[in-house]
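Report on one structure; see the data block that follows.
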Amino acid sequence: MLSLRNLVKVYPGPVTALRGVDLEVPRGMFGLLGPNGAGKSTLMKILSGLLEPTSGEVTLDGMDLVRHPEALRPHLGYLPQEFGFYPYLSGQDMLRYLLELKGVTAPQGLKALVAQLLERVNLTFAAKRKVKEYSGGMRQRLGIAQALAGNPKLIIVDEPTAGLDPEERQRFYRLLAEIAHERTVLLSTHIVEDVAMLCPRFAVIRQGRVVAITSPSEAKAAL
Ligand code: ADP
Ligand code: ADP
């Protein structure tokens, strides 16, 4: 279980991006829905250890993520908004490089792990192709392969479907739903369809505050 307590982030300016966020994120798929500027990316960066909050607490199964980000890194997978740097590497080389950076080790060897992860996201056929030749959906799937390495308890996914066409989006939804069986997947998006399709529950964030925690059916009834 991921818990956020009174999370505040003030950027120089000052701009208050988070105004005291309290949230309990259960296992499975959970959404964070809000318009641009609401504070979603700020929250995701704090969770992934890229940004320190001004104040507040984040814990994963009781471990303090703010004070001990290193202890949590192995339990965390992150798919950033735009995935697909290193366009001249092949998919398998890029994945291997990212696993090495992350310090992932595998009893079966990294090469075998890379092959397994590519299989998991249906990219075996494109393992040797350069990432620049991948479609948007294929890049996002490679991003999921990277996030799955080390079998983390929590995967956070930041605006994953923005550049995808409807068919790629459906395919990506199916993959996310599959990987959420075994862990917590926190999906941040401004696209209502994303949470409606995927998230039994989701938080609505506006101007740095959680203004509702709801389900797709409750939200529909309220409209
Ligand atoms: P979202 O991801 O929901 O679009 P963000 O977390 O990116 O929201 O932004 C929340 C607020 O914080 C916005 O007002 C944005 O302009 C501001 N902001 C984001 N990053 C910075 C930064 N590095 N410096 C100053 N203000 C920022
Ligand atoms: P996206 O998630 O972007 O829709 P696709 O899996 O559809 O990605 O892949 C894009 C291209 O690769 C398409 O032309 C598709 O037909 C082809 N493709 C997808 N899966 C395979 C496969 N297992 N073997 C060969 N080609 C494939």
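The values are calculated or read from the model by the stated rules, or taken from the named source; none is laboratory data. Keep in mind the model is a prediction, meaning the values are calculated, not measured. So basically every Cβ, Gly included, is an ideal-geometry build from the backbone, and we count neighbours across all protein chains shown. The protein model used for the area step is the full one, side chains on, heavy atoms only, and it has no ligands, DNA or RNA in it. Shrake-Rupley method; radii C 1.70, N 1.55, O 1.52, S 1.80 Å.
Taking the residues in the stretch 1-21 that are over 22 Å from the mean Cα position of the chain (by Cα) and without any contact (Cβ under 8 Å) to a residue 60 or more places away in the chain as candidates, determine which candidate is most open to solvent (accessible area, probe 1.4 Å). In this case the residue turns out to be P12. Tell me whether the stretch 59-73 contains one or more residues that are under 29 Å from G163 (Cα atoms) and either hydrophobic (A, V, I, L, M, F, W, C) or within 16 Å of ligand 2 (Cβ to nearest atom) (or both). So far as the stretch 59-73 goes, no, none of its residues is under 29 Å from G163 (Cα atoms) and either hydrophobic (A, V, I, L, M, F, W, C) or within 16 Å of ligand 2 (Cβ to nearest atom) (or both). Residues in the stretch 28-80 that are in contact with an Asp or Glu (Cβ under 8 Å, 6 or more places away or on another chain), buried (at least 20 other Cβ atoms within 10 Å of the Cβ) and among the small types (G, A, S): how many? Adding up the residues that qualify gives 1.
Scanning the stretch 174-185 for residues that are more than 11 Å from ligand 2 (Cβ to nearest atom) and within 12 Å of R141 (Cα to Cα) gives L176, I179.
Determine whether E100 is away from ligand 2 (no atom under 11 Å from the Cβ) and either among the charged types (D, E, K, R) or over 29 Å from L43 (Cα atoms) (or both).
Values: away from ligand 2 (no atom under 11 Å from the Cβ): yes; either among the charged types (D, E, K, R) or over 29 Å from L43 (Cα atoms) (or both): yes.
It is true that E100 is away from ligand 2 (no atom under 11 Å from the Cβ) and either among the charged types (D, E, K, R) or over 29 Å from L43 (Cα atoms) (or both).
Is one or more of the residues making up the stretch 68-75 part of a loop (DSSP other than H, G, I, E, B) and either touching a strand residue (DSSP E or B) at 6+ places or on another chain (Cβ under 8 Å) or more than 19 Å from E24 (Cα to Cα) (or both)? Yes, the stretch 68-75 contains a residue that is part of a loop (DSSP other than H, G, I, E, B) and either touching a strand residue (DSSP E or B) at 6+ places or on another chain (Cβ under 8 Å) or more than 19 Å from E24 (Cα to Cα) (or both).
In the stretch 152-164, what residues are more than 16 Å from ligand 1 (Cβ to nearest atom) and either at pLDDT below 90 or of a type in the set (V, I, T) (or both)?
Taking the stretch 152-164 as the starting set, the residues that turn out to be more than 16 Å from ligand 1 (Cβ to nearest atom) are 152-155, 164.
If the condition is that a residue be more than 16 Å from ligand 1 (Cβ to nearest atom) and either at pLDDT below 90 or of a type in the set (V, I, T) (or both), then I155, L164 are the ones that fit.
Considering (1) more than 16 Å from ligand 2 (Cβ to nearest atom); (2) part of a helix (DSSP H, G or I), say which one Q108 fails and leave the rest. Among (1) more than 16 Å from ligand 2 (Cβ to nearest atom); (2) part of a helix (DSSP H, G or I), the lone unmet condition for Q108 is (2). Here D93 does not fit the description of being acidic (D, E) and open to solvent by less than 50 Å² (accessible area, probe 1.4 Å).
Scanning the stretch 30-86 for residues that are of a type in the set (D, E) and either at pLDDT 90 or above or more than 15 Å from L187 (Cα to Cα) (or both) yields E52, E57, D61, D64, E70. Of all residues in the stretch 117-142, those being surrounded by fewer than 16 Cβ atoms within 10 Å (Cβ to Cβ) and within 23 Å of A180 (Cα to Cα) number 3. Restricting attention to the stretch 96-105, the residues that are surrounded by 17 or more Cβ atoms within 10 Å (Cβ to Cβ) and either in contact with a Lys or Arg (Cβ under 7 Å, 6 or more places away or on another chain) or assigned to a loop (DSSP other than H, G, I, E, B) (or both) total 1.
Within the stretch 135-183, being under 16 Å from M44 (Cβ atoms), assigned to a helix (DSSP H, G or I) and small (G, A, S) holds for G143, A147. For E24, the requirement of being surrounded by fewer than 16 Cβ atoms within 10 Å (Cβ to Cβ), in a strand (DSSP E or B) and free of Cβ contacts under 8 Å to residues at least 60 places away in the same chain is met.
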